[in-house]
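The values are calculated or read from the model by the stated rules, or taken from the named source; none is laboratory data. All values reported here derive from a predicted model rather than from experimental measurement. When we count neighbours, we look across all protein chains shown, and the Cβ atoms used for this are built from the backbone with ideal geometry, even at glycine.
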Amino acid sequence: MGVVLAISAALLTAAAVLLVVRMTVGPTILDRSTALDVLMSVMVCAVALKSIQRAETWSLPMLLVLAMVGFVGAVSIARFASDTEDVDTREDDDEDIEGEEQ
């Protein structure tokens with residue numbers, strides 16, 4: 001059981017590092033919000049893994065709260081992003097319009 005927990009922890013750590021890189025480098029706000037949402041899921045998995053390792057049940061309400069905060073955050077960002085135009089998309093549309101006019 002210890003080997004499985006160690007491998008799971010290593011994979012979650014690698015996923016978290018890659019997600020932080022994606023949040024930093026991500027060219028659009030949707031890339032960053034998706035990485036943040038998945039990072040919240042990784043954090044829920046990490047807390048669940050720690051709870052399994054210690055055989056404790058007190059962290060179950062915390063898992064529920066983390067999952068709810070992750071969901072509300074993702075929905076809020078998606079709602080905000082739907083009202084704004086993406087800079088990259090706007091530049092591509094401008095180039096397409098200029099090409100059609102000629």
Legend entry - Failed criterion for residue 99 (all others in (1) at pLDDT 80 or above; (2) exposed (fewer than 10 other Cβ atoms within 10 Å of the Cβ) hold): (1)
Legend entry - Which numbered condition residue 64 misses (of (1) over 23 Å from residue 8 (Cβ atoms); (2) at pLDDT 85 or above; (3) among the hydrophobic types (A, V, I, L, M, F, W, C)): (1)
